[in-house]
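The values are calculated or read from the model by the stated rules, or taken from the named source; none is laboratory data. Not measured: the values here are computed from a predicted model. Positions of Cβ are backbone-derived with ideal geometry, glycine not excepted, and every protein chain shown enters the neighbour counts.
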Amino acid sequence: PPQAPRKPPTYLPIEPMVVNLADPGGGRFVQLGITLKLDEPKTGEIVKQFMPSIRSAVLLTVSKRTADELLAIEGKEKLTRAIIRVTSEQLGYEVEDEDEEAESPKKKKKRNLPPSPVEDVLYSSFIVQ
């Protein structure tokens, strides 16, 4: 049978943000343009209702990073996972935190969490200064 056409993903851009970084001495910041990739259009409507708390959570998450962390590809990947996690939490979903999991072996039990409707974070701009 012919393959069903893929349904296009739902993208929801977040207003660009400028965030101070956690570098000693301060003065470094990142300008960030983020678009969330969501599971369906209905999720987009829900995310918009939570946008102030999502923006705040993302700002706090980014502000804990240093310029060096964000400039490393691994740091960007960790940031992506952290943004998915905090966005999902604002929407009432719990997401397994791989980074913390590595630090605390007692949390090894995998819980069966429903998948988050936030599938990915795409960067339209990422400028560290």
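Would you pick out the residues in segment 16-65 that are surrounded by 15 or more Cβ atoms within 10 Å (Cβ to Cβ), farther than 24 Å from residue 97 by Cβ and in contact with a Pro (Cβ under 7 Å, 6 or more places away or on another chain)?
Scanning segment 16-65 gives a single hit, 33.
So, residue 104, is that one of a type in the set (Ser, Thr, Tyr), modelled with pLDDT under 65 and out of contact with any Phe, Trp or Tyr (no Cβ under 9 Å at 6 or more places or on another chain) or not?
yes
Yes or no, residue by residue, for (1) more than 28 Å from residue 127 (Cα to Cα); (2) at pLDDT below 95; (3) not in a loop (DSSP other than H, G, I, E, B):
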| residue | (1), (2), (3) |
| --- | --- |
| 5 | yes, yes, no |
| 14 | no, no, yes |
| 53 | no, no, yes |
| 62 | no, no, yes |
| 69 | no, no, yes |
| 95 | no, yes, no |
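Any residue in segment 53-79 that's free of Cβ contacts under 8 Å to residues at least 40 places away in the same chain: show its pairings with residues that are crowded, with 16+ Cβ neighbours inside 10 Å and among the hydrophobic types (A, V, I, L, M, F, W, C) at Cβ separation under 6 Å, as long as the two are six or more apart or on different chains.
57/86; 61/82; 61/86
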